[in-house]
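Just so it is clear, none of the values below were taken in a lab; they were calculated from the coordinates. All figures in this text were calculated on a predicted structure; none of them were measured in a lab. Note: ideal-geometry Cβ built from the backbone for every residue, glycine included; neighbour counts use all protein chains shown.
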Amino acid sequence: MQGLCVRGLNKSFGGLTVALDIDFDLPPGARKALIGPNGAGKSTFANLVTGILAPSSGTITFDGQDIGHLREAARVRRGIAKTFQITTLFRSMTVRENLRLPILQRDGRATGLWRRSDSDRGVEEEVTALLEQFRLAPLGDLPVSQLAYGQQRLVEMALTLALRPRVLILDEPAAGVPSSESPLIIEAIERLPQDLAVLIIEHDMDLVFRIARQIVVLVAGRILTEGSPAEISRDPKVRELYLGGAHV
Amino acid sequence: MTESLTLPLPERLARVPFLAEALLLAIAAAMFFLLPYSLGFLTRVLILMVLVLSIDLLLGFAGIATLGQAAMYGAGAYAAGLFAIHVWADPLAGLVVGAAAGAALALLSGLVLMRAQGLTLIMLTIAVAQICMEIANKARGVTGGSDGLRGIRMDPVLGLFEFDFIGQTGYWYALAVLAAVFLLLRLVTRSAFGLSLRGIHDSPARMTAIGTPVYGRRVAAYALAGAIAGIAGALTAQVTQLVSPEVFAFTLSAEALIMLVLGGTGRLIGGIIGVAIFMTVHHTAAAHDPFNWLFVIGAMVLGVVFFVPGGLVSLPARLRGLMGRAL
Ligand SMILES: Nc1ncnc2c1ncn2[C@@H]1O[C@H](COP(=O)(O)OP(=O)(O)OP(=O)(O)O)[C@@H](O)[C@H]1O
Ligand SMILES: [Mg+2]
């Protein structure tokens, strides 16, 4: 089977179960959203898939091959990439350097010892294109730590896209981004390659309904239900969860 | 081009390539004539600069803290000394052997050490140097034990420059090696590899998330820094023609780290300036008061840590920033 395929995934921290018998598929071209209340285990699920955390049990395959034994970096090199819910950038570097490094690493050239890291025309053009896509071009030579938080979120996403992944997991990409800039995020997601498999974790329902063709609802580590946006918005269990609870 | 002409003078000077380096080289050349009777001391200063550069590669670029760089320094010293005695007394060949020994020890120990972080790592780096010192003391047959390795006689450098009694050749030789190491590190730290080391310094989590085998990259950095420390050790062996187990001393690792922090990490030139200042204070203050000179150093380090966290190299930029705000 093509794409990502998760079967019987379990994870607990001590007595706290955060993933319970999760079955999940993400074929090429998918646009899925993972929603659920705070602490439902959404980020944990993303960490299990990318290899940041090891599951208690369950299997994960990618294009039919078992990747459960692979370390995180090896899974990234296979094409499974994730943005962090908590912005994680190279803080002492400029924006350009933040984008240059993943490109060099992706192309297997991050071990070159002699040539200047900024001397490759092709790489620099790619960096520039990413900067323009996220309207960051004028900020390229600033230290990334001097950017506003919303702009740092954009760098976070640009940096991950620079890897040209085949599976992209976005963990709350728009959280903390001012509404004036969130269209940039949506636009960037809409312009992703059609065959890329995308999983977006998000609380912002506008964004979810704009992008997702399929929605998975996670509650207390368990998949409550899964369906199209229309099905999910009609689902009484989901309505209760969202309208009954404080969280929308 | 035209834009740079409109900049204020200090900024324009800061953009001239190798200006600071050329200035330091000029100072180094001047010292030769100003202090002709202290060439031994000055040569020691140059060698310490090589050692401190190796620590800067680790701490300043890759974010790997170490208090045991003397291990690789000592390995280089013994290897170069033994090589000169038993195999070939050519200085440059000796440097290569010293570098290889430093790299080999760093690679071997690094395979274990680079799995550790923080305080554990620091303790382990200290332990490796202590073990080396123990071995050097015990293996009398090879190392001469606590008496040290004697009878090192070096051939002329490049077959041309004989090592002389007052250390003139030694001084120029050490200066040339320092310049070469500096240039090499300049290239490496600006390369893709160097960028990836800075990435590890900033965020190992993000480095892994872009697909970097962080552990392997750290081991490579440790081995490269080990080679450079080994070169520093080999220089010492060749110039002083004596190697004792003290080359592995903890105080050497610690003082080298203090020099680096004093001058500023992650800039290469910071380490050079740190060594120069530390050794100048040492030389003058110790002459006045051989017991309390460490207080002067201590006060300087505290001052730097609290008021100029970027080290003394960052002082000009900081002052400019302060003045800019005051205006
Ligand atoms: N490393 C950890 N050790 C122990 N508990 C953890 C760990 N990571 C997460 N948890 C707990 O697991 C539960 C799920 O956390 P997770 O971050 O996956 O939730 P989430 O659905 O992403 O929530 P949010 O919407 O707030 O981001 C939480 O109760 C959290 O406190
Ligand atoms: Mg989360």
- [ ] Kindly indicate whether residue A:112 is facing chain B (nearest Cβ under 10 Å), over 21 Å from the mean Cα position of the chain (by Cα) and surrounded by fewer than 23 Cβ atoms within 10 Å (Cβ to Cβ).
- [x] yes
Open item on the list: Can you confirm whether residue A:30 is within 16 Å of ligand 2 (Cβ to nearest atom), more than 19 Å from residue B:217 (Cα to Cα) and either more than 14 Å from chain B (Cβ to nearest Cβ) or crowded, with 18+ Cβ neighbours inside 10 Å (or both)?
Closed with: no
- [ ] Select the helices (runs of 4 or more DSSP H) contained entirely in the range B:144-214, then report the ones holding at least 2 residues which are over 30 Å from residue A:95 (Cβ atoms), more than 7 Å from every other protein chain (Cβ to nearest Cβ) and without any contact (Cβ under 8 Å) to a residue 40 or more places away in the chain.
- [x] B:168-190
Open item on the list: I'd like the residue in the range A:176-206 that is buried (at least 18 other Cβ atoms within 10 Å of the Cβ) and within 16 Å of ligand 1 (Cβ to nearest atom) and, out of all such residues, is nearest to residue A:137 (Cα to Cα).
Closed with: A:177
Task: Those residues of the range A:78-96 which are within 16 Å of ligand 2 (Cβ to nearest atom) and within 21 Å of residue A:3 (Cβ to Cβ), in sequence order - done: A:82, A:83
- [ ] Enumerate the pairs (first residue in the range A:41-65 and touching a residue at least 12 places away in the same chain (Cβ under 8 Å); second residue anywhere and away from ligand 2 (no atom under 13 Å from the Cβ) and of a type in the set (Asp, Glu)) with beta-carbon separation below 7 Å, excluding pairs fewer than 6 apart on the same chain, so at least 6 apart or on different chains.
- [x] A:50/A:72; A:51/A:72; A:52/A:72; A:59/A:66
Open item on the list: I'd like the residue in the range A:38-77 that is within 30 Å of residue A:140 (Cβ to Cβ) and touching a Gly at 6+ places or on another chain (Cβ under 9 Å) and, out of all such residues, is nearest to ligand 2 (Cβ to nearest atom).
Closed with: A:72
Open item on the list: It is to be established whether one or more residues within the range A:11-32 are polar (S, T, N, Q) and without any contact (Cβ under 8 Å) to a residue 24 or more places away in the chain.
Closed with: no
TODO: Report the residue count in the range B:287-327 for those that are of a type in the set (Lys, Arg) and surrounded by fewer than 10 Cβ atoms within 10 Å (Cβ to Cβ).
DONE: 1
